[in-house]
Amino acid sequence: MTTGDWPPLPETIHTPRLLLRQFSLADAEDVFAYRRDPEVGRFIPFRQPFERRHADVFVATQVLADPCERCVWALEQKGQVVGGVSLELDRRMARAELGYELARWLWGRGLMVEAASAVIDQAFDRLPIIKLTATATAPNVRSTRVLEKLGMRREALLRQHWVHEGRVLDEVRYGLLREEWKELPAANSEP
Ligand SMILES: CC(C)(COP(=O)(O)OP(=O)(O)OC[C@H]1O[C@@H](n2cnc3c(N)ncnc32)[C@H](O)[C@@H]1OP(=O)(O)O)[C@@H](O)C(=O)NCCC(=O)NCCS
């Protein structure tokens, strides 16, 4: 995965329970299977109801993503795509912004912490970033808990900052500095 003047990130990453790999157009059916669940889209901005054709557009967008700007991995478990992890790269500010989603039938098993911590390790290992950032809506407690378990610190609360499906929500911003990442216990990447 080329990242322009930054070193490339690996196209595949193995974790104990997941394979992180590039999306392909053939993944649309798997993406539809988990994104059609409205709970998955409750706090992330994609069209509701999520139809099969939206899955085609989604996977095409991931396949065509410019890795100089956005690195994205499909999460594969037992041959099925069950989510994704992304990094938006900001060279000028030497930052990367983390994003993720997981099929609801797999929530509550620590899988996203496993996947995201592997991506964070690659980002700090290979890219000259000074900081990793992430954003969640305040009521998305599953996500904010994941960010805290990744060792990220809550830095800001933005009031009435996110409008989706007729709701106006507060947004929380998290950050992890390179020196904080270095201090994280290795256990953070264990399932
Ligand atoms: C965010 C997401 C990836 C987390 O999935 P997950 O890895 O299964 O997370 P878990 O179910 O293990 O929950 C994470 C933590 O939140 C806690 N949690 C869950 N529901 C909670 C609630 N209602 N109140 C408080 N804490 C809660 C869990 O106890 C867990 O913490 P613990 O391991 O310390 O017990 C998943 O919910 C998802 O894909 N959501 C839809 C997409 C999304 O919102 N992406 C994030 C955009 S910022």
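Where a number appears in this text, it was derived from the coordinates with a stated rule and is not lab data. The structure displayed is predicted, hence computed values, not measured ones. All Cβ positions, glycine included, derive from the backbone under ideal geometry; neighbour counts span all protein chains shown.
Computing FRET efficiency as 1/(1 + (r/R0)^6) for R159 and K78, where r is the C-beta to C-beta distance and R0 is 41 Å, gives about 0.45. For trypsin sites (Lys or Arg not before Pro), the sites in region 84-124 that DSSP calls loop and that have at most 12 other Cβ atoms within 10 Å are R92, R109. Each label was represented as a point 7 Å from its Cα along the Cα-to-Cβ direction; for R42 and A94 these points are 3.9 nm apart.
Here the 3J(HN,Hα) profile of region 136-144, calculated from phi with Karplus coefficients 6.51, -1.76 and 1.60 at θ = phi - 60°, is 9, 6, 4, x, 7, 5, 4, 6, 5 Hz, Gly and Pro shown as x. Sum up the charges of everything whose Cβ sits under 14 Å from the Cβ of L127, counting Lys and Arg as +1 and Asp and Glu as -1, but leave L127 out. Here the charged neighbours net out to 0.
Loop-located GluC sites (Glu not before Pro) across region 12-116 with a Cβ neighbour count of 12 or fewer within 10 Å are E39, with loop assigned by DSSP. From its DSSP helices (H runs of at least four residues, each -39,500 (n - 2.57)), the chain gives a residue-normalised ellipticity at 222 nm of -8000 deg cm²/dmol.
Listing H14, H164 from fewest to most neighbouring C-beta atoms within 10 Å gives H14, H164.
Computed from backbone phi, the HN-Hα couplings of region 176-181 come to 9, 7, 3, 5, 6, 4 Hz, rounded to whole numbers (Karplus: 6.51 cos²θ - 1.76 cosθ + 1.60, θ = phi - 60°; Gly and Pro given as x). GNM on the chain, alpha-carbon springs under 10 angstrom: the most fluctuating residue among P67, P128, P45 is P45. For q = 0.08, 0.14 Å⁻¹, what log10 I(q)/I(0) does the chain give under the Debye formula with an equal point scatterer on each alpha carbon and no solvent? The Cα Debye sum returns log10 ratios of -0.24, -0.80.
Computed over the alpha carbons of region 140-191, Rg followed by Dmax gives 13.7, 41 Å. Residue-normalised convex hull volume from the C-alpha trace of region 43-139: 131 Å³ per residue.
All other residues whose Cβ lies under 12 angstrom from that of A103 are scored, Lys and Arg at +1 and Asp and Glu at -1, for a net of 0. Computed from phi, the 3J(HN,Hα) profile of region 78-94 under the Karplus parametrisation 6.51, -1.76, 1.60 (θ = phi - 60°) reads 6, x, 10, 7, 10, x, x, 10, 10, 10, 8, 9, 10, 5, 4, 9, 6 Hz, with x in place of Gly and Pro. For T137, the residues 5 or more places off, or on other chains, whose built amide H falls under 5 Å of its own are V172. With neighbours defined as other Cβ atoms within 10 Å of a residue's Cβ, the residues E171, E148 order from fewest to most as E148, E171.
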